[in-house]
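Participant: Dropping a structure here in structure tokens format, bear with me for questions.
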Amino acid sequence: MTGEAGEKGGGPEAKRRTPFHRRLTLSLSAFIMSLTITLLNAFYGLRGAEIVVEPPEQVLLYRDGEGENAVLTFAVRLPMINTAASYGDLMLEATLQPGAGAPKFKYQALVHPVFTDRSAEALGKCDLESRCIARPGLFIAEQADEIIDIPAGQARSRYFAFTLAEWNCQGPKPDCAGFQNFPASAARIGSRPLDIEITLRFNGDGTRRILCRGGAIDLRYLNQVGWVNLSCQTRSVKGDTWL
């Protein structure tokens, strides 16, 4: 009877083991949960900022300056979102390549374009801290130089200006020599459809390559009016992350 009762009820030893096993299971579960949280925190600590870059929808080309000193500039709007909750980041470098095999041109400034019929009137009200350009139907304010930061959990949407000029060119001298001024640069890029690649390098979150391909550049309109706005018919973002 004793043996049968012990087998059915588990006996005194089984009753003593049950609370211990329960405590062991709870302790093990708590340890695994704590370890998981620690590893996740360590991962995100090493991961740092997470920058999401949206490809541009349009690209603005305009003449900056007058006469022989005028240069061709690309202005591209690049929305950026830092999805990390605790880690900010900085953009260290940005370049634009106007077509495969072409040299690269460095980012020069942030600009704020406004499409308006009162561009000449707006030029007289240019802010003292800005350099302003007026073209028929277009007003551009080049803003003061600043650090391109993307704080944790925040977004930035800015127009980046890239000057296609020999003095701003990264590449072999013969290739850069073809971008002496606005007419020369316009002639170099006006013979084919829009095809640009923008490379961004962040301090913590690696490199992004933004591609934009569109229709043919209306070189005649660009020369006459001084600017043209083109849509990115094909656009994408490629890049590396820290992990």
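The values are calculated or read from the model by the stated rules, or taken from the named source; none is laboratory data. Since the structure is predicted, the reported quantities are computational estimates derived from the model, not experimental observations. Note that each Cβ is placed from the backbone with ideal geometry, even for glycine, and that neighbours are counted across all protein chains shown.
Participant: Across segment 197-221, what is the total count of residues that are out of contact with any Gly (no Cβ under 7 Å at 6 or more places or on another chain) and crowded, with 20+ Cβ neighbours inside 10 Å? Before you say what the answer is, go through the steps one by one.
Facilitator: First, the residues of segment 197-221 that are out of contact with any Gly (no Cβ under 7 Å at 6 or more places or on another chain): 197-203, 210-216, 218, 220-221.
From the residues that got through so far, the ones that are crowded, with 20+ Cβ neighbours inside 10 Å too are 198, 200, 202, 210, 212.
Qualifying residue count, segment 197-221: 5.
Participant: So P55 passes all but one of these: (1) outside any loop (DSSP other than H, G, I, E, B); (2) at pLDDT 90 or above. Which condition number does it fail?
Facilitator: (1)
Participant: Out of segment 232-243, which residues are exposed (fewer than 14 other Cβ atoms within 10 Å of the Cβ), touching a Gly at 6+ places or on another chain (Cβ under 8 Å) and assigned to a strand (DSSP E or B)?
Facilitator: Residues of segment 232-243 that are exposed (fewer than 14 other Cβ atoms within 10 Å of the Cβ), as a first pass: 233-234, 236, 238, 240, 242-243.
Going one step further and asking which of them are touching a Gly at 6+ places or on another chain (Cβ under 8 Å), we end up with 233-234, 240, 242.
Across segment 232-243, the qualifying residue is only T234.
Participant: Another question, then. For the list (1) out of contact with any Leu (no Cβ under 9 Å at 6 or more places or on another chain); (2) surrounded by 12 or more Cβ atoms within 10 Å (Cβ to Cβ), I need the number of the one condition that L61 fails.
Facilitator: All conditions are met except number (1).
Participant: So, one more: The conditions are (1) in contact with a strand residue (DSSP E or B) (Cβ under 6 Å, 6 or more places away or on another chain); (2) not in a strand (DSSP E or B), and E93 fails exactly one of them. Which is it?
Facilitator: (2)
Participant: From Y159, Y221, which residue is under 30 Å from E66 (Cα atoms) and not in a helix (DSSP H, G or I)? Outline the logic, then answer.
Facilitator: On the way: Y221 fails: not in a helix (DSSP H, G or I).
Y159 is the lone residue from the list that is under 30 Å from E66 (Cα atoms) and not in a helix (DSSP H, G or I).
Participant: Still on this structure, I have one more. Considering segment 110-131 alone, what residues qualify as being farther than 21 Å from P55 by Cβ and buried (at least 18 other Cβ atoms within 10 Å of the Cβ)?
Facilitator: S119, the sole residue that qualifies.
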